[in-house]
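Asker: Dropping a structure here in structure tokens format, bear with me for questions.
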Amino acid sequence: MTHTILIATDTEVRARWEKAFPDGGVHANPAAATGRVQPDSVVWLHVGSDADQARRLVDECLSRLGACRLVALSDTPSDSQAIELMERGVVGFCHAYAGPAMLQQVSTVVANEGLWVGPSLMQRIIRAAGPSVTVDTGSQHALDTLSAREREVAQQVGLGSSNKEIARILSITERTVKAHLSAIFQKLGVRDRLHLALFMRSVGAV
């Protein structure tokens, strides 16, 4: 089970987070969490809307807490803020008032060494990667384990399509897209959407 910690003072952020992780620890600041973080911990940090304060909080967290998977919860999330905080060491970035189900999805991805950002930024990253990116793909025969529909979904991810776009293109629901992605991640042994996109490009499947 992933060790999960929240660093926040906002009561609504704390209440939403505790619904998703009732066994997690909550602390008011990075100093209070010192000594409570394990190497595989997922640490959630409420960064608010002040850009300078957000940068300072992220730097303090990583300095005080050492190796951890740091997720920033932003009151006013934007691609530019996500990029800036990722450059400082954040591996997850989402809205501070996301629902419990979304927070649990983020936790699953980052706990497995994946990256979580908003869909628009993810599309930008995938499309900027280009067709020449290579990753540790393992056996290319892994693609043969996918069903025809799963392969179509994976190819669309490789092209940078969002779940909504995939649902429209393939005439299926977004819920079905998510179900296919879960199966694809497991079959191919990839951590997240970005890793899947790079896998598909590296094996020439898009």
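The values are calculated or read from the model by the stated rules, or taken from the named source; none is laboratory data. Nothing here was measured: the structure is a model prediction, and the numbers come from that model. Note that each Cβ is placed from the backbone with ideal geometry, even for glycine, and that neighbours are counted across all protein chains shown.
Asker: Of the residues ALA111, ALA101, only one is surrounded by fewer than 17 Cβ atoms within 10 Å (Cβ to Cβ), modelled with pLDDT under 90 and of a type in the set (A, V, I, L, M); which?
Answerer: ALA101
Asker: Okay, next question. Criterion first (surrounded by fewer than 17 Cβ atoms within 10 Å (Cβ to Cβ), modelled with pLDDT of 80 or more and over 24 Å from GLU87 (Cα atoms)) does SER139 satisfy it?
Answerer: no
Asker: Give the residue that is nearest to ILE5 (Cα to Cα), with candidates limited to residues of the stretch 101-120 that are polar (S, T, N, Q) and without any contact (Cβ under 8 Å) to a residue 12 or more places away in the chain.
Answerer: THR108
Asker: Would you check if SER147 is modelled with pLDDT of 90 or more, outside the structural domain of ARG16 (by TED's automatic domain parsing) and on the phi > 0 side of the Ramachandran plot?
Answerer: Spelling it out, it is not the case that SER147 is modelled with pLDDT of 90 or more, outside the structural domain of ARG16 (by TED's automatic domain parsing) and on the phi > 0 side of the Ramachandran plot.
Asker: Being assigned by TED's automatic domain parsing to the domain that holds ASN112, of a type in the set (Lys, Arg) and touching a Pro at 6+ places or on another chain (Cβ under 9 Å), is that true of even one residue in the stretch 14-26?
Answerer: yes
Asker: Among the residues of the stretch 21-51, which ones are in a helix (DSSP H, G or I), closer than 27 Å to SER80 by Cα and modelled with pLDDT of 90 or more?
Answerer: Correct list: PRO30 only.
Asker: Could you give every pair whose Cβ atoms fall below 7 Å, whose first residue belongs to the stretch 51-74 and is in the same structural domain as GLN38 (by TED's automatic domain parsing) and closer than 14 Å to GLY35 by Cβ, and whose second residue is at pLDDT 90 or above and assigned to a helix (DSSP H, G or I), counting only separations of at least 6 or pairs across chains?
Answerer: CYS61/PRO30; ARG64/PRO30; ARG64/ALA31; LEU65/PRO30
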